[in-house]
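Structure record follows, encoded as structure tokens.
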Amino acid sequence: MSWKNLALCLGTGLVFVTGGAASAQEVPDDKYYAEKVLAEGEGWQLKNISGYAVDDDGRYYSQDIYNIKSTAREAFYQLPLHPYLQEELSASAAQSLDETIFVLDKKIVDEIALSYEKGELTEALKAIAEPADETAPKGVHKMGPFGSCSDQTFSRSKSFNLNTPISTSHNFGSGFSGTLSATGNINGSATGEVVLKIRRHKIFWVCVPYGVSFQHARAWGNVSVANGSQVNGTLNYNWSWSGQIAKPSLGSLNFFIGPVPVHIGFNLPINLGLEVAASVTGTVNYNGNQTATGAFDYTCTLSSCGGWANYNLGTNSLQPLTGSVSGRIQPTVWVQVAVRAYLYSEWLAYAQVGVRPHLYGDLWGYYGNACGDADGNGINETVSALTFNLDWRLFVTAQAAAFGGNPTQWNNLWSTPRRHIKFWDLINGGSSAIRPILGGPASTNVNTSTGYTAKMRPCWPYGDNVNYRFNWGDSTLSNVSGAPQTATAAGKAWSSSGAKTVQLTALSDSWGRQLNATTSRSVQVNGSTGTWTGWFNRDLPGGNGDYETLSDLIAGGYQVCSNPIGVECQTASGAPYTSTGEVYSCTLAGGTCTNSQQPDGICQDYRVRFLCP
């Protein structure tokens, strides 16, 4: 089976998070910075970093540094650090609620070890020494002339204007043959910030800065993204794909914190994704445009994230749709754009936040005669359908990673409800499988209240309540609503005899799909010379319910015939029983209402009358 000339309008919006940690040796592409791994072990690395501190005085540096993951505490004791430093770093890692990365200048920690051995500060440490804290802050270890000094917070930020085009095309295999392409543009302004803490050690009554630790990354700004996407191909099972299509640089910062050189970088990864749930084999061809506009401000450590975002999805560029299929397929496509901030390299540490709009497509097709009898003639009709439903939802997401590990992800920090965009009937003249089932007798008597029901066919794929309209063929209408696979009742008493063309229209459902599909059938209303009895109200709605049955009336000695040809039911105040919204049975056997079947647990008070021959 196949889908012909299917053009489904789908698009994507803006996202500020991308997936996956950088490769183990990824190095920023920056002419002012370079790094090389000299040695490494579990949870640590020794690197040589070199470059120009262009954000300070432009001086050149080439220094060796240790990178240590705070959760790998055994690493502190594997490295040639002085025991006081080992204990200090291990205690700091144990006290922290968040994972972090320590960056230590190898030359300085070697000088600290040498100073302990000599019993006095080396000349190198004297040159960078700072006055000791007057009082020991809470949690800072103090051992006379030796111990810990308080950390100092240091931040650097960079603002950038965004005007980046998107243009890519990808070919697939493994069950999907075809192309996925995206075009569009990102516009706006944003600011990225990285906050570090300066590590300082107390030795011989002075504080010596010897490294930095990563605290958090923050991004904020206002950005709008307009994207288009198109998919062409063939698939035969559930399938998904995502990949990075571009990563333009947003610049970097190269500076010294005391004696320690620091490199911070920012870039703009762009990812593309397609997810398909299918119960058929066929071809896909859909395209569309989407804009997302809003503001965001999020702060993330390597293990937690918080902030706010406010985004709206713009108007779609909607197009006429055609096609043919038997089965169901649900394609979702997205384009993801991220502001990424990292320390030294993405492999070492990054944290980022974002917004991910999704558009959900749902193509449903049917052809066959196993989908119900709509006109009540006892024979299932052969019907067909081809419809497409389009929804959207917006997610705020975040993730962070360190030491090339799998990222910690927060895929739903905040989200909008799933919202409906549009519903298409793709068959000229309308899909016959959408037309509802009109239940009830093919004939009745004049002035006799007769019950009819409305429900959707069993192959209808959605579960939202449906709004129906009965046109009784005599200029009167009745509106009802109910679950699609539940028979929802309405009653009618015609005042004249003859053939009546009754029409039941499925107008819409509670999700917002506009159906406007009608089933018609003829009902013969027979004339009668009978006589109506008076109204009977022998029971009240206490106990199990309200029961005005013919057998009870006869047993109670009421003046009623045993073989009525018509019946009418209403509330004690004169309202038609079909207007109450209650579950009620009105037949020639009388009227019945059961309390336990009602939404509020109690029936109204009803009365009945019968047409006797």
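The values are calculated or read from the model by the stated rules, or taken from the named source; none is laboratory data. Just so you know, these numbers come straight off a predicted model, no measurement behind them. Every residue, glycine among them, receives a Cβ derived from its backbone with ideal geometry; neighbour counts consider all protein chains shown.
Could you list, in sequence order, all residues of segment 91-125 that are buried (at least 16 other Cβ atoms within 10 Å of the Cβ), under 25 Å from Tyr344 (Cβ atoms) and hydroxyl-bearing (Ser, Thr, Tyr)? Ser92, Thr100, listed by residue number.
So which residues in segment 294-307 are modelled with pLDDT under 90 and either surrounded by 16 or more Cβ atoms within 10 Å (Cβ to Cβ) or not small (Gly, Ala, Ser) (or both), if there are any at all?
Of everything in segment 294-307, those that are modelled with pLDDT under 90 and either surrounded by 16 or more Cβ atoms within 10 Å (Cβ to Cβ) or not small (Gly, Ala, Ser) (or both) turn out to be Gly294, Phe296.
For (1) closer than 30 Å to Ile434 by Cβ; (2) more than 36 Å from the chain's Cα centre (by Cα); (3) not assigned by TED's automatic domain parsing to the domain that holds Phe388, each residue gets a yes or a no:
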| position | (1), (2), (3) |
| --- | --- |
| Gln485 | yes, no, yes |
| Ala517 | yes, no, yes |
| Ser522 | yes, yes, yes |
| Asn537 | no, yes, yes |
| Ala555 | no, yes, yes |
| Gly566 | no, yes, yes |
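Could you check, for segment 449-460, whether at least one of its residues is touching a Pro at 6+ places or on another chain (Cβ under 9 Å), assigned by TED's automatic domain parsing to the domain that holds Thr301 and assigned to a loop (DSSP other than H, G, I, E, B)? No, because not a single residue in segment 449-460 is touching a Pro at 6+ places or on another chain (Cβ under 9 Å), assigned by TED's automatic domain parsing to the domain that holds Thr301 and assigned to a loop (DSSP other than H, G, I, E, B). May I ask you to list the residues in segment 576-613 that are closer than 16 Å to Tyr452 by Cα, out of contact with any helix residue (DSSP H, G or I) (no Cβ under 8 Å at 6 or more places or on another chain) and surrounded by fewer than 20 Cβ atoms within 10 Å (Cβ to Cβ)? Within segment 576-613, Pro576, Ser579, Thr580, Gly581, Ser585, Thr587 meet the criteria. Of all the residues in segment 475-499, those that are within 28 Å of Pro417 (Cβ to Cβ) and either crowded, with 16+ Cβ neighbours inside 10 Å or in contact with a Phe, Trp or Tyr (Cβ under 9 Å, 6 or more places away or on another chain) (or both) number 7.
When Tyr360 is tested against (1) under 19 Å from the mean Cα position of the chain (by Cα); (2) of a type outside the set (Val, Ile, Thr); (3) under 25 Å from Thr164 (Cα atoms), only condition (3) is not met.
In segment 55-173, counting only strands (runs of 3 or more DSSP E) that sit wholly within it, the ones holding 1 or more residues that are among the aromatic types (Phe, Trp, Tyr), within 30 Å of Ala190 (Cβ to Cβ) and in contact with a Phe, Trp or Tyr (Cβ under 9 Å, 6 or more places away or on another chain) span 60-69, 101-105, 152-172. For the criterion of being at negative phi, assigned by TED's automatic domain parsing to the domain that holds Ala442, surrounded by 15 or more Cβ atoms within 10 Å (Cβ to Cβ) and under 53 Å from the mean Cα position of the chain (by Cα), Val502 passes. Against the test of being in the same structural domain as Cys603 (by TED's automatic domain parsing) and closer than 18 Å to Gln598 by Cβ, the options Ser562, Ser585 yield a single qualifying residue, Ser585.
Val480 - would you say it is of a type in the set (Val, Ile, Thr) and modelled with pLDDT of 90 or more? Yes: the conditions hold for Val480. Scanning segment 345-372 for residues that are modelled with pLDDT of 85 or more, among the hydrophobic types (A, V, I, L, M, F, W, C) and in a strand (DSSP E or B) yields Ala349, Ala351, Trp364. Please find, within segment 385-428, the residue that is nearest to Pro461 (Cα to Cα) out of those that are modelled with pLDDT of 85 or more, β-branched (Val, Ile, Thr) and in a strand (DSSP E or B). Ranking the qualifying residues of segment 385-428, first place goes to Thr387. Kindly indicate the residue of segment 545-557 that is at pLDDT 95 or above and not in a helix (DSSP H, G or I) and also surrounded by the most Cβ atoms within 10 Å (Cβ to Cβ) among those meeting that condition. This residue is Asp546.
Go over the candidates Ala53, Ala113 one by one and state the one that is among the hydrophobic types (A, V, I, L, M, F, W, C) and more than 27 Å from Glu193 (Cα to Cα). Show your work before the answer.
On the way: Ala53 fails: more than 27 Å from Glu193 (Cα to Cα).
Going through Ala53, Ala113 in turn, the sole match is Ala113.
Just so you know, in segment 348-388 the residues that are touching a Cys at 6+ places or on another chain (Cβ under 8 Å) and polar (S, T, N, Q) include one that is surrounded by the fewest Cβ atoms within 10 Å (Cβ to Cβ), and it is Asn380. Residues in segment 558-575 that are in contact with a Phe, Trp or Tyr (Cβ under 8 Å, 6 or more places away or on another chain) and among the aliphatic types (A, V, I, L, M) were compared, and the one that is surrounded by the fewest Cβ atoms within 10 Å (Cβ to Cβ) is Ala572.
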